[in-house]
Amino acid sequence: MEQDIQKILIPEEEIKKRVKELGKRISEDYKDKFPHLICILKGATIFLSDLIREVNIHMSLDFMGVSSYGSSTESSGILKITKDIDQPIEGRNVLIVEDIVDTGLTLSYLRKLLTSRKPKSLKTCALLNKKVRRKVDVPVEYYGFEIPDEFVVGYGLDFNEKYRNLPYISVLKPEVYMYEVMKYEKE
Ligand code: 5GP
């Protein structure tokens, strides 16, 4: 797996440090607000599990699945809810936990959907923010790192379901994408 990596963009230790800071901020901002965190599957799961262990106030948790990417690395803009949340959010202080905000299309769609369910407040915490790629203006109240326009994997983020288990954020060698695309076209 590691032979497929071109470069490490954010090392493990840096992520750890930043996640700690985000957890501290969330704990302060949501003190006595009993936040309800909604983790977006599957990419944000690693981030979520590290983040909530840095949050030292009462909170609750739910999961939502959205698919916006096929096998390619470009957003199709077509979204599908693959798993809805289990609990109502009316009157709750909801915090969406995302892996990355890229074009902003997914988050904008999610925000509209969740707003219609009348939460008391609705904010987002994303590990990564690719501001340069934004197509729609959408608020991201908390984020770990701003990154350049590169397709990244690791720490929950995948390419064709692989590389989620890498402990750092990295960029794959171009031939890995080519090989995967060639394999995909043959299938
Ligand atoms: P958006 O709708 O903002 O364009 O994209 C959001 C989703 O696209 C993310 O939740 C993530 O699943 C996927 N995505 C966007 N950029 C990247 C990237 O660089 N790497 C990976 N693995 N997924 C990405």
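Condition test on residue 163, is it crowded, with 17+ Cβ neighbours inside 10 Å, closer than 27 Å to residue 15 by Cβ and touching a Pro at 6+ places or on another chain (Cβ under 9 Å)?
Details: crowded, with 17+ Cβ neighbours inside 10 Å: yes; closer than 27 Å to residue 15 by Cβ: yes; touching a Pro at 6+ places or on another chain (Cβ under 9 Å): no.
Here the answer is no, as residue 163 does not meet what is asked.
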**OP:** Among the residues of region 31-47, write down those that are closer than 24 Å to residue 88 by Cβ and open to solvent by 10 Å² or more (accessible area, probe 1.4 Å).
**Re:** 31, 32, 33, 34, 41, 42, 45
Subject >> Criterion (hydrophobic (A, V, I, L, M, F, W, C) and buried (at least 17 other Cβ atoms within 10 Å of the Cβ)) met by exactly one of 81, 85 >> reply: 85
Original post:
Within the set of pairs 6 or more residues apart or between chains, which connect a residue that is closer than 12 Å to residue 46 by Cα inside region 97-109 to a residue that is of a type in the set (Ser, Thr, Tyr) and within 6 Å of the ligand (Cβ to nearest atom) with Cβ atoms less than 6 Å apart?
Top reply: none
Original post:
How many residues does region 114-172 hold that are within 16 Å of residue 43 (Cβ to Cβ), more than 9 Å from the ligand (Cβ to nearest atom) and of a type outside the set (A, V, I, L, M, F, W, C)?
Top reply: 12
Original post:
Among the residues of region 123-133, is there at least one that is free of Cβ contacts under 8 Å to residues at least 40 places away in the same chain, part of a loop (DSSP other than H, G, I, E, B), of a type outside the set (Lys, Arg) and more than 23 Å from residue 84 (Cα to Cα)?
Top reply: no
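If you take the residues of region 99-110 that are surrounded by 19 or more Cβ atoms within 10 Å (Cβ to Cβ) and of a type outside the set (S, T, N, Q), which of them is nearest to residue 51 (Cα to Cα)?
So the first thing to find is which residues in region 99-110 are surrounded by 19 or more Cβ atoms within 10 Å (Cβ to Cβ), and the list is 99-102, 104-107, 110.
Keeping just the survivors that are of a type outside the set (S, T, N, Q) gives 99-102, 104-105, 107, 110.
Numbers: 99: 12, 100: 15, 101: 17, 102: 20, 104: 22, 105: 24, 107: 19, 110: 21 Å.
Applying the filter and picking the extreme gives 99.
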**OP:** Take the residues in region 127-143 that are open to solvent by less than 10 Å² (accessible area, probe 1.4 Å) and touching a helix residue (DSSP H, G or I) at 6+ places or on another chain (Cβ under 8 Å), then tell me which one is nearest to residue 30 (Cα to Cα).
**Re:** 142
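The values are calculated or read from the model by the stated rules, or taken from the named source; none is laboratory data. No experiment lies behind these values; they were computed from the predicted model shown. In this analysis, Cβ positions are derived from the backbone assuming ideal geometry, glycine residues included, and neighbour counts consider all displayed protein chains. Heavy atoms of the whole protein, side chains included, go into the accessibility calculation; ligands, DNA and RNA do not. Shrake-Rupley method; radii C 1.70, N 1.55, O 1.52, S 1.80 Å.
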